[in-house]
Amino acid sequence: MFSHSSVGIDLGTANIVVYNELRGIMFNEPAVIVLDAKTKEVYTIGTPAKQMYGKTPITLTAIKPLKNGVVADFDNTVKLLQTIIERVTKITHVPIRKTAASINVPAGATIVERNIIREAVLATGIKVVTIVESPVAAAIGAGLPVNAPVSNMIVNIGAGITEISIVSYRGILANMSIRSAGDTLDEEIIQYFRETHHLLIGHLTAEKIKKKLGFTPIPHALKTMEVGGRSLLNGLPTLTLVTSTEIQPLFIDALNKIVKAIHVMVEQSPAELSGDIMDQGIILTGGGSLLNGLKEWLTTQVDFPVILDPNPLESTAIGTGRIHFYSQRNFSGDVELTTPRLNLPFFS
């Protein structure tokens, strides 16, 4: 029953991914919505909406309603989810009211933030909502033995936050959240162009630069890219040639914060957990894990193996969609998969 009528939703800051056990990935597009400026009706969502971001006429408004993995704009999050669920149910041929949804939240999300996410999903017409913490979902999606007495470290680098977690027995034993993530790298690029090249570029351009020229501090073959923006000196459109070695140093501070958090996590964990991490290694997942050379560089910074999730962009959604097979439902219809954990600091 769950395979047919349930969906797993990865409500990411950058992308929303929807998974069904029978049909696989059913939606994987940016978390952007474009509205009619007057009527507030949905004009488009997803990929076409992202392409319009920063370029819309005065009759349209492009919005990113999610921030740091939680709801920043409730009404527009509901509109975005409503449109996505309507598309998905047309494929599954199951009415919205008979569709069950699992949706993940950051492990560090507050009770208020979790309730807002649940209410946003319920507002679409879905009657049964399962809340699952992202690290647990990522572990299931990556195929880790979450039901076994083995601890696994997950480093989930998203757009808004990076979560470093130790997962075992379908729960989180320890968790840390830091704000060094994909959007942080984009902001570093934007600021660099403003200060060094006196060029104003947008987030879409910064993301393209990051994907093509962004490297961790490792040797690599030189890459170049022609970047266009608006000159801050004369206000005219300007092109400039940029190299990967020029962009590479911009990421060092953000990457070092991730390494520091990993070290703190291991140092403050019980010896039994550290032993498992030494044996199992670190699992890298999330879109930020695809930064060029991240796995190789991180391996030199820690004393245990680093493994890149073979499907880092979709594994959290897959795990969220499979959560019904790993949990027991309570009599209210909702499931909150949380466990006591070590009290570790939050790094900004």
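Of the solvent-accessible surface of the chain, computed with a 1.4 Å probe and all protein chains present, 54% belongs to carbon and sulfur.
With helices as the sole contributors, the chain gives -10000 deg cm²/dmol at 222 nm; each DSSP H run of n ≥ 4 counts as -39500 (n - 2.57), and the sum is divided by every residue.
Note on segment 173-327: Rg/Rh from Cα positions, Kirkwood definition for Rh, rounded to two decimals, is 1.05. Residues whose amide H comes within less than 5 Å of that of residue 43, counting only those at least five positions distant or on another chain, are 34, 35, 36 (H built at 1.01 Å from N in the peptide plane). In terms of the mean number of neighbouring beta-carbon atoms within 10 Å, the peptides 250-258, 224-232 order highest first as 250-258, 224-232. Going by the alpha-carbon gyration tensor, a ≥ b ≥ c the square roots of its eigenvalues, is segment 133-239 rounded (a/c under 1.5) or, if a/c is not under 1.5, prolate (a/b greater than b/c) versus oblate? Taking the square roots of the gyration eigenvalues as a ≥ b ≥ c, segment 133-239 is prolate. Rg of the Cα atoms in segment 7-137, relative to 2.2 N^0.38 Å, amounts to 1.01. If you run the Gaussian network model on the chain, springs between alpha carbon atoms under 10 Å, then out of 214, 160, 293 the most flexible one is 293. Peptide packing: for 26-35, 122-131, the average count of neighbouring Cβ atoms within 10 Å per residue gives the ranking 26-35, 122-131, highest mean first. Scanning the chain for long hydrophobic helices, with DSSP H runs required to stretch 24 angstrom or more by C-alpha along their axis and to average at least -1.0 on the Kyte-Doolittle scale, returns 74-92.
Stokes-Einstein, applied to the Kirkwood radius of the chain over Cα pairs at a viscosity of 0.890 mPa s and 25 °C, places its translational diffusion at 117 µm² s⁻¹. Here segment 232-288 is treated as a sphere whose radius is the Kirkwood value from Cα pairs; by Stokes-Einstein at 4 °C and 1.567 mPa s it diffuses with a coefficient of 85 µm²/s. Among 272, 314, 207, the largest mean-square fluctuation in a Gaussian network model of the chain, built with springs joining Cα atoms closer than 10 Å, belongs to 272.
Scan segment 24-123 for trypsin sites (Lys or Arg not before Pro) in coil per DSSP, keeping those whose Cβ has at most 12 other Cβ atoms within 10 Å, and list them by number. Counting only loop positions with at most 12 other Cβ atoms within 10 Å, the trypsin sites (Lys or Arg not before Pro) in segment 24-123 are 38, 40, 55.
The values are calculated or read from the model by the stated rules, or taken from the named source; none is laboratory data. This is a predicted model, so every value here is computed, not measured. Backbone-built Cβ (ideal geometry, glycine too); neighbour counts: all protein chains shown. Just so you know, the surface numbers come from the protein's heavy atoms only, side chains and all, with ligands and any DNA or RNA stripped out. Shrake-Rupley method; radii C 1.70, N 1.55, O 1.52, S 1.80 Å.
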